[in-house]
1. Mind putting a number on the dipole of region 80-154 about its Cα centre? Charges go on the C-beta only, +1 for Lys and Arg and -1 for Asp and Glu, and I need it in Debye to the nearest 20.
2. Does region 1-50 come out rounded, prolate or oblate, given a ≥ b ≥ c as the square roots of the eigenvalues of its C-alpha gyration tensor, rounded meaning a/c under 1.5 and, failing that, prolate meaning a/b above b/c?
3. Could you give the dipole magnitude of region 13-154 about its Cα centre, charging the beta-carbon of Lys and Arg +1 and that of Asp and Glu -1, in debye to the nearest 20?
4. What number does region 70-117 give for Rg over Rh if you use C-alpha atoms and the Kirkwood radius?
5. Between region 94-154 and region 45-74, how far is it from one alpha carbon centroid to the other, in angstrom?
6. From the residues Leu96, Gly70, Gln18, which one has its Cα farthest along the dipole of region 1-113 in the positive direction, the dipole being from +1 and -1 charges on Cβ of Lys/Arg and Asp/Glu about the Cα centre?
7. Filter the chymotrypsin sites (Phe, Trp or Tyr not before Pro) in region 106-143 down to the DSSP loop ones having no more than 15 other Cβ atoms within 10 Å, then list what survives.
8. Heavy-atom accessible area per residue, the chain, 1.4 Å probe: how many Å²?
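The values are calculated or read from the model by the stated rules, or taken from the named source; none is laboratory data. A quick note: this is a predicted structure, and the numbers were derived from the prediction, not measured. FYI the Cβ positions are ideal-geometry reconstructions off the backbone, even for glycines, and counts take in every protein chain you see. Areas reflect the complete protein model, heavy atoms only, side chains present, ligands, DNA and RNA absent. Shrake-Rupley method; radii C 1.70, N 1.55, O 1.52, S 1.80 Å.
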Amino acid sequence: AARIERLRGRPARERVVQDVEIPLERTADFLRWFAGAVGMTPVWLCPLRLREPAGPGSARPWPLYPLRPGQDYVNIGFWGSVPIAEGATDGDVNRLIERVVSEMGGHKSLYSDAYYDRDSFERLYGGATWRSVRDRYDPEHRLTGLYEKAVARA
């Protein structure tokens, strides 16, 4: 696709494929920011909250994907690409989205490209927890770590 865009004289494009969870009360703010800063459509919305199997107050946060119990969220999905602006680099839009999601108290799913530095990634995605699980079940570290799978580029 990048080669076809070049042949047509169009700017290179950055892949922006993400699902983010934003606290309900910040969703309108995020959508306004996203429309102005990124401008991709369509945007998919799906409300969610941690399931409370034993009634109100019983939900526990997930250590590797911390959503707050009792907090309503909206999953916002957007999948496509945007032109890479003059002087920008591939990944700049994704990094900006990651930063704004964190600033708004949200969280990003990791099935798409991620651009976090290692310290931020470990803070946001339960680094101490996944390291202890890895140390227990893969003590020789033969398998790829979570950061390497989700963020590092080969």
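1. 300 debye
2. Prolate, because a/c is 1.5 or more and a/b exceeds b/c.
3. Dipole about the Cα centre, nearest 20: 340 debye.
4. Details: Rg = 12.3 Å, Rh = 12.3 Å.
Rg/Rh for region 70-117 comes to 1.00.
5. 20 Å
6. Selected residue: Gln18.
7. Tyr111
8. Ligands and nucleic acids excluded, the result is 63 Å² per residue.
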